Amino acid sequence: MARLIAQTPELAGQIYELDSPLLTFGRAEDNVLSIPHGSISSHHGEFRLDGSDYRLVDIGSTNGSKVNDAPVTNHLLRHGDLVMLGNALFEYQSQAPTTAAPTAPLPPSGERIALGMNQSGVGRPASFVNLVAISKPSKSGGKKLPLLLIIGIVVVLLAGGYLAYSTFMS
């Protein structure tokens, strides 16, 4: 049997059993699961039995629903999912068997894997784009420009200070 275990301090220790094919939930008393938390809408959503697990369906709640920190409106829950209804956190537990995602077989031990090389000979895909705004300093005297810039700023400040002093002191 599936259930939601409250993780939020206001509801700590509360366990909500999911035991029907369709369960409405929200803050209002007329829901099958009435959850007394201020951030949950009065008619927040539904849990629908889908195979051996439940599907969370948000029916237009004010504060929304998230599963594992991703906003959802219709999501099939899996054992261990963290469900956020409004600002109330729950853990979904299920007796349903979990199926592992298919994986590619590992290469034999000691075998090298060839990576694609781009034009510069670096092991990155050809379509790789660096989105970092900070570029590497150039090797051809890139340190001269900041020094000249600092000297220029100091000269301008000294000249401005001298002009201001001579104007107001005369």
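If you go through region 42-59 and keep only what is farther than 20 Å from Gln93 by Cβ and more than 23 Å from the chain's Cα centre (by Cα), you end up with Ser42, His43. Taken over region 74-106, the criterion of being β-branched (Val, Ile, Thr) and at pLDDT 95 or above is satisfied by Val83 alone. Of all residues in region 15-38, those being open to solvent by less than 10 Å² (accessible area, probe 1.4 Å) and of a type outside the set (Phe, Trp, Tyr) number 4.
In region 1-26, the residues that are under 19 Å from Ser65 (Cβ atoms) form Cβ pairs under 9 Å with partners that are acidic (Asp, Glu) and not in a strand (DSSP E or B), at six or more places apart or across chains, as follows: Ala2/Asp19; Arg3/Asp19; Thr24/Asp30. The residue pairs whose first member lies in region 67-86 and is more than 13 Å from Ile5 (Cβ to Cβ) and open to solvent by 30 Å² or more (accessible area, probe 1.4 Å), whose second member is outside any strand (DSSP E or B) and β-branched (Val, Ile, Thr), and whose beta carbons are closer than 7 Å, counting only pairs six or more residues apart or on different chains, are Arg78/Thr98. Among strands (runs of 3 or more DSSP E) entirely within region 1-76, having at least 1 residues that are among the charged types (D, E, K, R) singles out 2-6, 15-18, 45-50, 53-58, 65-67.
The values are calculated or read from the model by the stated rules, or taken from the named source; none is laboratory data. These numbers were taken from a predicted model, which means no experiment stands behind them. Positions of Cβ are generated from backbone atoms using ideal geometry, with glycine treated the same way; all protein chains shown enter the neighbour counts. The accessibility values were calculated without ligands, DNA or RNA, using every heavy atom of the protein model including side chains. Shrake-Rupley method; radii C 1.70, N 1.55, O 1.52, S 1.80 Å.
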